[in-house]
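Accompanying notes for the structure given below.
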Amino acid sequence: GAVVSQHPSWVICKSGTSVKIECRSLDFQATTMFWYRQFPKQSLMLMATSNEGSKATYEQGVEKDKFLINHASLTLSTLTVTSAHPEDSSFYICSARPPGDSSPLHFGNGTRLTVT
Amino acid sequence: GQNIDQPTEMTATEGAIVQINCTYQTSGFNGLFWYQQHAGEAPTFLSYNVLDGLEEKGRFSSFLSRSKGYSYLLLKELQMKDSASYLCAVRDSDYKLSFGAGTTVTVRA
């Protein structure tokens, strides 16, 4: 149980274009999902908390107009990287937590974004 | 905020035991998690501690001391497939998870 699906697994795009990444909780409902970013050989950095039916909460230093988050249903959150630049190239990982205080975060398989 | 420290690298021999320490300073503690991450893959959940003491799950055990802001992950009977990065993560009262930089464990034959 507690499967999180992320799509696409990898994407290559040109500078200036936008890329949408989907995150789905397949067997549980998630009112909250989290988006992380990871550079090579570094740890995961929380970008934002996605809240179903309301605005996302962004961490300090993360541009909300550049990283658009939409949590339209209890099983789907999307991250759109707008006007992508080479420095946005990274590994983006979403996560969600099943109900229950002791439930751990479960991660999607991640999306490797390369901006050329 | 969270300040989480763990060693950068550790090397051990197949069949041996390795202990990965993690210290943290937090502005609201709601559990400590250990994740395993292989290169290029997403993290997978290993263990969870919210109360002081030892949690054992097969070859992996995790210990927590909240008063000391300290945890360790113990890996027994090391196998080659255990070569990976091990991430210590602390959850705050808002259920946000913050990660340490990770410890790369290399298992040698």
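The values are calculated or read from the model by the stated rules, or taken from the named source; none is laboratory data. Just so it is clear, the model here is predicted, and its values are computed rather than measured. All Cβ positions, glycine included, derive from the backbone under ideal geometry; neighbour counts span all protein chains shown. Ligands, DNA and RNA are excluded from the accessible area calculation, which covers all protein heavy atoms including side chains. Shrake-Rupley method; radii C 1.70, N 1.55, O 1.52, S 1.80 Å.
A few notes on this one:
- Within region A:42-89, the only residue that satisfies the criterion of being on the phi > 0 side of the Ramachandran plot and touching a strand residue (DSSP E or B) at 6+ places or on another chain (Cβ under 8 Å) is A:GLY53.
- Among (1) surrounded by 13 or more Cβ atoms within 10 Å (Cβ to Cβ); (2) more than 9 Å from every other protein chain (Cβ to nearest Cβ); (3) at pLDDT 95 or above, the one test that A:SER15 misses: (1)
- Filtered residue count, region A:18-60, keeping only those that are out of contact with any Ser or Thr (no Cβ under 9 Å at 6 or more places or on another chain) and at pLDDT 95 or above: 1
- Of the residues A:THR111, A:THR32, the single one that is within 13 Å of the chain's Cα centre (by Cα) and open to solvent by 30 Å² or more (accessible area, probe 1.4 Å) is A:THR32.
- Subset tally (residues that are buried (at least 19 other Cβ atoms within 10 Å of the Cβ), of a type outside the set (A, V, I, L, M, F, W, C) and within 11 Å of another protein chain (Cβ to nearest Cβ)) for region A:87-107: 5
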